[in-house]
Amino acid sequence: MDLLAQALNDRIIAANPHVYAMLSDLGKRIYFPSKGILSQSGEAKKLAKTYNATIGTAMEGGKAMHLSCLMRQLPGITPDDALLYAPSPGLPALREAWRDKTVRDNPGLQGTPFSLPVVTTGLTHGLSVLADLWVDAGDRLVMPDMNWDNYHLNFVVRKGAEACLFPFFKDGGFAVDAFANALQKDSAGRDKLVVLLNFPNNPSGYTPTEAEGEAIAAALLATAERGVNLVVIIDDAYYGLFFDEGIMRQSLFAKLAGRHPRLLAVKADAATKEVFVWGLRVGFISMAVGGTSDGLYEALNDKLGGLIRSVVSNASALSQKLVLDALRSPSFTAEHAAKVEVMKARALRVRDVLRNPAYAEAWTAYPFNSGYFMCLRINQINAETLRRHLLEKYGVGTISITATDLRIAFSCLEVAQIQDLFDLVLKAWKDLAK
Ligand SMILES: Cc1ncc(COP(=O)(O)O)c(C=O)c1O
């Protein structure tokens, strides 16, 4: 064990030994190389008043060396902001701005300590860093049967986690009892569980009601009280796209943060879908646990920094700068709210169109109230067969999630296209059902 890793582990154990016990083997070994090139060049940045010959960037005339043909494309941005490296855990100002936004969006977090967000190269990278930090082969991962398919690659294929699926829906709502039973059953004989929840959910487009959210939090808390160490990863990719009253508008993170020393809540979110910047690749990780947290979050963030440093080194400084300036813009909130309204109009139009009784023989729509998607449960015909036929004969692209479920991304459709799309799905279904 490297001495720097040992020092971080000692700080984690001193603050919360349960959190130390949750770490994977790699999580225990990883550290931020605070005595290496990064720290030496950090020191030089402050003290090297004569010459700074530390880091592997090229400088000219006191700024980042650059090609005009590249910088010409970025009016208003300096070469230093666009081209130099960001720190491994992210630009400090962006981390602060995202933390402020998180508290603004989730007033329930006011006064609850949580870690300063660490920047990742999109949410996918954030999830892989979390898998590295918390998951060993054979660890159980509890998640709903309706989940983003990339979780499988990330947690099961890469890390060897054992996926324990529970049914997402029961009677038109979140299957709270099935979730509580899964926590009970899957923790039998284990002292640790990793739980992964995503609301608004991909693929269903469902966010639990306030009451369901309270019941989810209560089930997790009861599990921690039984002595199980819980790492609860909350994937908030589609946060903020809420279209109904009465649904949980604050992240589940706000209901779990600081609640129990054995319950580590991890918020994985991103500018990606929320700020509509898919290709910029800017994600964040924030963490909170009950009990004392003196030095704990700094130590865990150093471990996250080490995981980031060892694989991607740091996330794009230009992308971070763009997101930071957008967050700082006085029109951010109003512009964002206007786009949420556009998405809401599409979701409501889908609902309206689906009221047509002609569709009843072909499918049932799962409940949806948020996010980018909704799902149809297809009668009689295999969803993949339908998807192919719809694509080949009618030029309509959808996603078959399982043998029965077809996902429609209404996020990509204009309101005026929605009726036609569902009519074409019905036509395709009728072709096959004949
Ligand atoms: C639930 C969920 N989490 C995470 C991601 C990945 O987001 P990013 O593009 O930031 O890696 C997606 C993207 O589809 C998603 O649907």
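The values are calculated or read from the model by the stated rules, or taken from the named source; none is laboratory data. Here the structure is a predicted model, which is why all the values come from computation and not from measurement. Ideal geometry is used to build each Cβ from the backbone, glycine not excepted, and the neighbour counts take in all protein chains shown.
Does Phe179 satisfy the criteria of being within 16 Å of the ligand (Cβ to nearest atom) and either under 17 Å from Gly213 (Cα atoms) or not assigned by TED's automatic domain parsing to the domain that holds Ala222 (or both)? Answer is no for this residue. Selection of region 152-192 for residues being within 15 Å of Gly138 (Cα to Cα) and polar (S, T, N, Q) yields Asn154, Ser187. Can you find a residue that is more than 24 Å from Asn106 (Cα to Cα), hydroxyl-bearing (Ser, Thr, Tyr) and either within 16 Å of the ligand (Cβ to nearest atom) or surrounded by fewer than 20 Cβ atoms within 10 Å (Cβ to Cβ) (or both) anywhere in region 293-311? There is at least one residue in region 293-311 that is more than 24 Å from Asn106 (Cα to Cα), hydroxyl-bearing (Ser, Thr, Tyr) and either within 16 Å of the ligand (Cβ to nearest atom) or surrounded by fewer than 20 Cβ atoms within 10 Å (Cβ to Cβ) (or both). Put simply, of Gly395, Gly371 the only residue that is out of contact with any helix residue (DSSP H, G or I) (no Cβ under 7 Å at 6 or more places or on another chain), on the phi > 0 side of the Ramachandran plot and away from the ligand (no atom under 16 Å from the Cβ) is Gly395. Exactly one residue out of Phe155, Phe169, Phe199 is under 26 Å from Tyr372 (Cβ atoms), crowded, with 17+ Cβ neighbours inside 10 Å, more than 18 Å from the chain's Cα centre (by Cα) and modelled with pLDDT of 95 or more: that is Phe169. Candidates in region 258-276 are the residues that are among the charged types (D, E, K, R), within 13 Å of the ligand (Cβ to nearest atom) and under 30 Å from His18 (Cα atoms); of these, the one that is nearest to the chain's Cα centre (by Cα) is Asp269. Screening the candidates Leu47, Leu38, Leu67 for the property of being hydrophobic (A, V, I, L, M, F, W, C) and in contact (Cβ under 8 Å) with a residue 24 or more places away in the chain yields one hit, Leu38.
For (1) without any contact (Cβ under 8 Å) to a residue 40 or more places away in the chain; (2) more than 13 Å from the chain's Cα centre (by Cα); (3) away from the ligand (no atom under 16 Å from the Cβ); (4) outside any loop (DSSP other than H, G, I, E, B), each residue gets a yes or a no:
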site	(1), (2), (3), (4)
Leu116	no, yes, yes, no
Thr124	no, no, no, yes
Leu127	no, no, no, yes
Asp132	no, yes, no, yes
Met143	no, yes, no, yes
Ala163	yes, yes, no, yes
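Of the helices (runs of 4 or more DSSP H) entirely within region 1-72, those holding at least 1 residues that are touching a helix residue (DSSP H, G or I) at 6+ places or on another chain (Cβ under 7 Å) occupy 3-15, 17-22, 25-29, 68-71.
With respect to (1) more than 25 Å from Gly283 (Cα to Cα); (2) surrounded by fewer than 23 Cβ atoms within 10 Å (Cβ to Cβ), the lone exception for Ala224 is condition (2). Of all residues in region 398-434, those satisfying the criterion of being of a type in the set (Gly, Ala, Ser) and either within 24 Å of Phe243 (Cα to Cα) or touching a helix residue (DSSP H, G or I) at 6+ places or on another chain (Cβ under 8 Å) (or both) are Ser400, Ala403, Ala409, Ser411, Ala416, Ala428. Within region 273-295, residues that are within 15 Å of Ala326 (Cα to Cα) sit with their Cβ atoms under 7 Å from residues that are among the aromatic types (Phe, Trp, Tyr), at 6+ positions apart or across chains, in these pairs: Lys273/Tyr238; Lys273/Tyr372; Glu274/Tyr239. Each residue in region 232-257 was checked for being farther than 18 Å from Ser128 by Cα, free of Cβ contacts under 8 Å to residues at least 40 places away in the same chain and within 14 Å of the ligand (Cβ to nearest atom), and 0 pass. Put simply, of Ile30, Ile55, Ile12 the only residue that is under 23 Å from Asp136 (Cα atoms), in contact with a Phe, Trp or Tyr (Cβ under 9 Å, 6 or more places away or on another chain) and either aliphatic (A, V, I, L, M) or loosely packed, with under 13 Cβ neighbours inside 10 Å (or both) is Ile12.
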